[in-house]
1. Just to verify a result, which residue in the range 26-83, among those that are hydrophobic (A, V, I, L, M, F, W, C) and touching a helix residue (DSSP H, G or I) at 6+ places or on another chain (Cβ under 9 Å), is modelled with the lowest pLDDT?
2. Name the single residue that is farthest from MET54 (Cα to Cα) among those in the range 15-35 being aliphatic (A, V, I, L, M) and part of a strand (DSSP E or B).
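The values are calculated or read from the model by the stated rules, or taken from the named source; none is laboratory data. A quick note: this is a predicted structure, and the numbers were derived from the prediction, not measured. For neighbour counting, all protein chains shown are included, and Cβ atoms are generated from backbone atoms with ideal geometry for every residue, glycine included.
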Amino acid sequence: MANLAKPSLSIAVDEQGLISMKAVTTFKTLEIKFKLDEEFDETTADDRKVRTTMSLVGSEREKTTIVVLIGKRTMSAICGPTG
């Protein structure tokens, strides 16, 4: 059932460079706040406690790759404008 949830994701950056990412589904709301390249504590959607580091790799006008280091595993996502 949870794999049918389509999250709404919002990302905001404040004046000090603190990034807030909030994912909302009908089942759960997850929010993390972090600064790039600084390790922080995070609770994942399945309630695991991890140390995470978020970094930007590249900075093209059209897209940006976000690299996430969780423990010893790395995940990356390419983000770009819609519409």
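1. Residues of the range 26-83 that are hydrophobic (A, V, I, L, M, F, W, C), as a first pass: 27, 30, 32, 34, 36, 40, 45, 50, 54, 56-57, 66-70, 75, 77-79.
Of the ones still in play, those that are also touching a helix residue (DSSP H, G or I) at 6+ places or on another chain (Cβ under 9 Å) are 27, 45.
Working: PHE27: 81, ALA45: 76.
Step by step, filter the range 26-83, then rank; the result is ALA45.
2. First, pick out the residues of the range 15-35 that are aliphatic (A, V, I, L, M): 18-19, 21, 23-24, 30, 32.
From what is left, the residues that are part of a strand (DSSP E or B) are 19, 21, 23-24, 30, 32.
Numbers: ILE19: 10, MET21: 11, ALA23: 16, VAL24: 20, LEU30: 16, ILE32: 11 Å.
Ranking the qualifying residues of the range 15-35, first place goes to VAL24.
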